[in-house]
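Colleague: Structure provided below as structure tokens; questions to follow.
The values are calculated or read from the model by the stated rules, or taken from the named source; none is laboratory data. What you are looking at is a predicted structure, and each value in this text was computed from that prediction instead of being measured. All Cβ positions, even for glycine, are placed from backbone atoms using ideal geometry, and neighbour counts span all protein chains on display.
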């Protein structure tokens with residue numbers, strides 16, 4: 001139903017009265033009393049009579065606040081930006097204050113009422129934003145009331161301000177909200193998810209600003225009320241962001257706008273790597289599944305993470321024999337992943353059958369078809385399926401070695417159904433497919449753990465037993481491009497490459513590709529000098 | 001080695017939206033509490049001015065090297081911030097005490113002439129934030145109920 | 001070859017690696033950490049003199 005002029009007038013009056021009240025010293029010292037005054041007024045005006053009216057009230061408030069923002073920001077000359085923005089904040093902060101007080105003090109100790117109100121408001125803010133975004137950015141005008149002013153370009157700031165100030169207000173430690181601390185975070189998490197860059201690209205910078213805000217990081221990762229759930233939520237949001245960025249990075253489209261967003265992403269990930277490396281350790285698989293194969297440094301950043309209580313042995317001071325004996329190299333890494341759910345049931349069943357019986361040669365021949373999605377160069381294979389097969393086979397291989405009472409090394413992993421899979425894919429696939437398989441293997445070269453150990457041995461084994469020089473070259477390329485990129489570098493990558501170039505059994509330097517061009521030869525020597 | 005990937009369906013739409021949004025990238029103040037008494041006014045300074053705070057400026061040791069007047073400025077004009085907290089701690093280390101009624105910092109100029117359970121009396125230096133200067137007050141009674 | 005991550009304005013001081021970066025993180029668009037005066041803190045009510 002259309003908003004009646006009467007309703008619009010009531011809401012505007014209430015909001016004006018609140019703005020006049022909420023900045024007074026009395027209201028700042030006794031906010032509950034100020035709220036009581038407003039609740040009385042709102043009851044008198046009948047805006048709280050039904051759920052529908054409450055929804056309408058908050059929606060009209062939101063739209064009024066956004067309108068104020070648009071009017072003020074519309075013609076701002078650069079010199080007055082600070083003053084203009086502060087004038088916007090005056091109205092926006094008042095609205096947020098009213099909302100937060102209503103959430104905090106609604107219905108006594110009925111926590112569900114508080115959460116329902118918060119969800120309602122966030123729903124309203126996100127849908128107003130979305131509609132505004134559709135109109136302002138894309139020019140569609142599905143539902144906007146014709147009487148609304150024509151605003152011009154989309155202004156993210158009012159929404160950004162409402163969301164972050166509301167988040168700060170409702171997640172500050174407060175005894176009245178402590179019982180619903182997690183539902184509050186969950187509600188905001190839902191709102192962030194709805195506003196993700198793929199849905200509202202015009203809001204992308206504000207969105208990353210929110211996700212990367214120190215208070216958001218603090219509440220979800222730092223002093224979290226429910227670390228398991230909040231870290232999963234935060235990872236999901238990171239993945240949403242990477243999914244937006246990925247196509248630009250993959251297609252090498254880096255205008256200033258994308259470059260700025262990428263740089264901001266690096267900053268946020270660097271903070272996570274420094275302060276919460278366990279998050280990147282535990283979710284590395286799903287995160288790397290989102291990162292395009294050509295984003296070497298971004299991926300290295302994720303894979304370089306290691307648990308804070310771990311001391312990494314110096315990769316330059318170890319022999320591979322010593323690497324084999326590091327106790328951590330036998331430890332299963334903690335992964336927040338259901339290994340049985342990463343590929344479809346049919347493929348898994350066939351894979352399991354082969355790994356158990358090692359009898360169906362036909363399966364090995366058909367395996368590439370499970371990975372192929374098109375004939376378009378650069379896009380022939382389903383990277384997610386490739387990554388899944390590699391990890392699944394590797395984890396099953398490790399299980400089998402352990403069940404025999406053995407430890408992982410280059411001898412125990414050889415000549416098995418598991419190695420058949422890797423060797424077969426290596427030989428059967430074309431360059432593009434092989435690149436993806438090797439990428440998937442290299443994605444497991446991380447901090448000392450049994451996955452790092454296993455997949456390091458896989459690489460060394462494949463290199464040593466490769467019939468064709470292009471296979472050795474591609475293995476080298478995969479490792480090398482990750483090493484030649486600027487820091488950080490995962491520990492497992494370093495020890496694997498060092499072994500490859502120093503182990504006499506690999507005869508690395510005899511390969512022509514190490515001398516294919518003077519620049520390449522120099523580059524190899526530089527990396528080798530650093531490594532050895 | 002994979003070459004460029006073909007653009008996705010909404011690629012141009014997303015890129016155009018991003019390009020427009022770049023003109024209005026968020027400002028740090030958008031997620032900060034506003035300061036009505038001394039609004040922040042970003043100014044461009046010459047490149048040879050330090051562009052970042054010194055790396056140890058978040059420490060008590062740094063604040064203890066600042067003059068009392070700088071500490072008073074921090075206390076009164078950076079309200080509700082970590083800087084105000086550290087400045088207050090630094091002032092206390094320098095034997096200043098906050099009077100919660102007058103909202104001013106006091107320091108004994110000499111040993112009090114009288115000390116009871118409820119107050120001490122004598123000559124004090126205090127920082128008058130209205131006149132923005134240190135002043136001396138003789139025969140001042142500092143009631144302990146107003147001691148922060 | 002990527003970006004030199006030490007030039008992104010984060011204080012990656014290895015000597016102080018136990019301190020969390022996020023507590024002073026200025027956000028994805030900031031070239032420097034937050035200054036002490038930009039960080040909110042819970043202060044005694046009497047300190048709110050303004």
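Colleague: Exactly one of these conditions fails for residue A:333: (1) in a helix (DSSP H, G or I); (2) away from chain C (no Cβ under 14 Å); (3) in contact with a helix residue (DSSP H, G or I) (Cβ under 6 Å, 6 or more places away or on another chain). Give me its number.
Modeller: (1)
Colleague: Moving to a separate point now. Quick check on my filter: what residues within segment A:352-388 are in a helix (DSSP H, G or I) and under 20 Å from residue A:290 (Cβ atoms)?
Modeller: Result: A:371, A:383, A:384, A:385, A:386, A:387, A:388.
Colleague: Go through (1) in a helix (DSSP H, G or I); (2) more than 7 Å from every other protein chain (Cβ to nearest Cβ) and name the single condition residue B:38 misses.
Modeller: Unmet for residue B:38, out of (1) in a helix (DSSP H, G or I); (2) more than 7 Å from every other protein chain (Cβ to nearest Cβ): (1).
Colleague: Going by the structure shown, is residue A:102 over 34 Å from the mean Cα position of the chain (by Cα), assigned to a helix (DSSP H, G or I) and crowded, with 17+ Cβ neighbours inside 10 Å?
Modeller: no
Colleague: Applying the selection to segment A:316-330, what residues are surrounded by fewer than 20 Cβ atoms within 10 Å (Cβ to Cβ) and touching a helix residue (DSSP H, G or I) at 6+ places or on another chain (Cβ under 6 Å)?
Modeller: The answer is A:320, A:330.
Colleague: Follow-up. Looking at segment A:198-211, is at least one residue away from chain C (no Cβ under 14 Å), surrounded by fewer than 23 Cβ atoms within 10 Å (Cβ to Cβ) and in contact with a helix residue (DSSP H, G or I) (Cβ under 8 Å, 6 or more places away or on another chain)?
Modeller: Within segment A:198-211 (the criterion being away from chain C (no Cβ under 14 Å), surrounded by fewer than 23 Cβ atoms within 10 Å (Cβ to Cβ) and in contact with a helix residue (DSSP H, G or I) (Cβ under 8 Å, 6 or more places away or on another chain)), the answer is yes, since at least one residue qualifies.
Colleague: Something else: Could you tell me whether any residue of segment A:142-159 is modelled with pLDDT under 95, in a helix (DSSP H, G or I) and either out of contact with any strand residue (DSSP E or B) (no Cβ under 8 Å at 6 or more places or on another chain) or closer than 26 Å to residue A:242 by Cα (or both)?
Modeller: The answer is no, given that none of the residues of segment A:142-159 is modelled with pLDDT under 95, in a helix (DSSP H, G or I) and either out of contact with any strand residue (DSSP E or B) (no Cβ under 8 Å at 6 or more places or on another chain) or closer than 26 Å to residue A:242 by Cα (or both).
Residue by residue, here is whether (1) in contact with a strand residue (DSSP E or B) (Cβ under 8 Å, 6 or more places away or on another chain); (2) within 21 Å of residue B:5 (Cα to Cα) holds:
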residue	(1), (2)
A:347	no, no
A:356	no, no
A:373	yes, yes
A:389	no, no
A:426	no, no
A:434	no, yes
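Colleague: Could you tell me which residue of segment A:417-436 is surrounded by the most Cβ atoms within 10 Å (Cβ to Cβ), considering only residues that are within 13 Å of chain B (Cβ to nearest Cβ) and part of a helix (DSSP H, G or I)?
Modeller: A:436
Colleague: Among the candidates A:372, A:400, which residue alone is over 25 Å from the mean Cα position of the chain (by Cα) and farther than 22 Å from residue A:435 by Cβ?
Modeller: On inspection, the qualifying residue turns out to be A:400.
Colleague: Is segment A:480-489 home to any residue that is assigned to a helix (DSSP H, G or I) and away from chain C (no Cβ under 14 Å)?
Modeller: No, segment A:480-489 has no match at all.
Colleague: Determine whether segment A:127-139 contains at least one residue that is modelled with pLDDT under 90, surrounded by 15 or more Cβ atoms within 10 Å (Cβ to Cβ) and more than 11 Å from chain B (Cβ to nearest Cβ).
Modeller: There is at least one residue in segment A:127-139 that is modelled with pLDDT under 90, surrounded by 15 or more Cβ atoms within 10 Å (Cβ to Cβ) and more than 11 Å from chain B (Cβ to nearest Cβ).
Matching residues to (1) over 30 Å from residue C:40 (Cβ atoms); (2) free of Cβ contacts under 8 Å to residues at least 24 places away in the same chain; (3) in contact with a helix residue (DSSP H, G or I) (Cβ under 6 Å, 6 or more places away or on another chain):
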| position | (1), (2), (3) |
| --- | --- |
| B:81 | no, yes, yes |
| B:86 | no, no, yes |
| B:90 | no, no, yes |
| B:93 | no, no, no |
| B:97 | no, no, no |
| B:100 | no, no, yes |
| B:104 | no, no, no |
| B:128 | no, no, no |
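Colleague: Can you go through B:4, B:65 and tell me which one is surrounded by fewer than 19 Cβ atoms within 10 Å (Cβ to Cβ), part of a loop (DSSP other than H, G, I, E, B), out of contact with any helix residue (DSSP H, G or I) (no Cβ under 7 Å at 6 or more places or on another chain) and within 14 Å of chain A (Cβ to nearest Cβ)?
Modeller: Just one listed residue meets the conditions, B:4.
Colleague: Right, here's the next one. Looking at residue B:57 and the list (1) modelled with pLDDT of 90 or more; (2) part of a loop (DSSP other than H, G, I, E, B); (3) over 17 Å from residue C:24 (Cα atoms), which single condition is not satisfied?
Modeller: Every condition holds for residue B:57 apart from (3).
Colleague: How many of the residues making up segment B:106-126 are in a strand (DSSP E or B) and without any contact (Cβ under 8 Å) to a residue 24 or more places away in the chain?
Modeller: The total comes to 9.
Colleague: Same structure again: Please go through segment A:509-532 and give me each residue that is touching a residue at least 40 places away in the same chain (Cβ under 8 Å), under 21 Å from residue A:321 (Cβ atoms) and surrounded by 15 or more Cβ atoms within 10 Å (Cβ to Cβ), ordered by number.
Modeller: A:531
Colleague: Anything in segment B:82-105 that is in a helix (DSSP H, G or I) and surrounded by 20 or more Cβ atoms within 10 Å (Cβ to Cβ)? List them, or say none.
Modeller: If the condition is that a residue be in a helix (DSSP H, G or I) and surrounded by 20 or more Cβ atoms within 10 Å (Cβ to Cβ), then B:82, B:83, B:84, B:85, B:86, B:87, B:88, B:90, B:91 are the ones that fit.
Colleague: So which residues in segment A:335-359 are free of Cβ contacts under 8 Å to residues at least 12 places away in the same chain and over 16 Å from residue A:417 (Cβ atoms)?
Modeller: Matches in segment A:335-359: A:338, A:340, A:341, A:344, A:345, A:346.
Colleague: Please determine, by comparing only the residues of segment B:23-34 that are in contact with a helix residue (DSSP H, G or I) (Cβ under 8 Å, 6 or more places away or on another chain) and more than 7 Å from chain C (Cβ to nearest Cβ), which one is surrounded by the fewest Cβ atoms within 10 Å (Cβ to Cβ).
Modeller: B:34
Colleague: Separate question: Would you please name the residue that is modelled with the highest pLDDT, looking only at residues in segment A:214-271 that are closer than 30 Å to residue B:7 by Cβ and part of a loop (DSSP other than H, G, I, E, B)?
Modeller: Taking the candidates together, the pick is A:255.
Colleague: Looking at residue A:107 and the list (1) at pLDDT below 95; (2) over 30 Å from the mean Cα position of the chain (by Cα); (3) within 14 Å of another protein chain (Cβ to nearest Cβ), which single condition is not satisfied?
Modeller: Only one criterion in (1) at pLDDT below 95; (2) over 30 Å from the mean Cα position of the chain (by Cα); (3) within 14 Å of another protein chain (Cβ to nearest Cβ) is unmet by residue A:107, namely (3).
Colleague: Ok, one more. Pick from segment A:168-191 the residues that are within 14 Å of chain B (Cβ to nearest Cβ) and without any contact (Cβ under 8 Å) to a residue 60 or more places away in the chain: which of them is farthest from residue A:237 (Cα to Cα)?
Modeller: Result: A:172.
Colleague: So, one more: Need pairs with beta-carbon distance below 6 Å; first residue in contact (Cβ under 8 Å) with a residue 60 or more places away in the chain and within segment A:457-470, second assigned to a helix (DSSP H, G or I); sequence gap 6+ or separate chains.
Modeller: Listed by first residue and then by second, the contacts come to A:458/A:422; A:458/A:441.
Every residue, every condition in (1) buried (at least 21 other Cβ atoms within 10 Å of the Cβ); (2) at pLDDT below 95, yes or no:
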| residue | (1), (2) |
| --- | --- |
| A:373 | no, yes |
| A:380 | no, yes |
| A:386 | yes, no |
| A:389 | yes, no |
| A:395 | no, no |
| A:401 | no, no |
| A:405 | no, yes |
| A:409 | no, yes |
| A:415 | no, yes |
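Colleague: Tell me yes or no: at least one residue of segment B:68-81 is surrounded by 14 or more Cβ atoms within 10 Å (Cβ to Cβ), within 14 Å of chain A (Cβ to nearest Cβ), farther than 30 Å from residue A:200 by Cα and touching a strand residue (DSSP E or B) at 6+ places or on another chain (Cβ under 9 Å).
Modeller: yes
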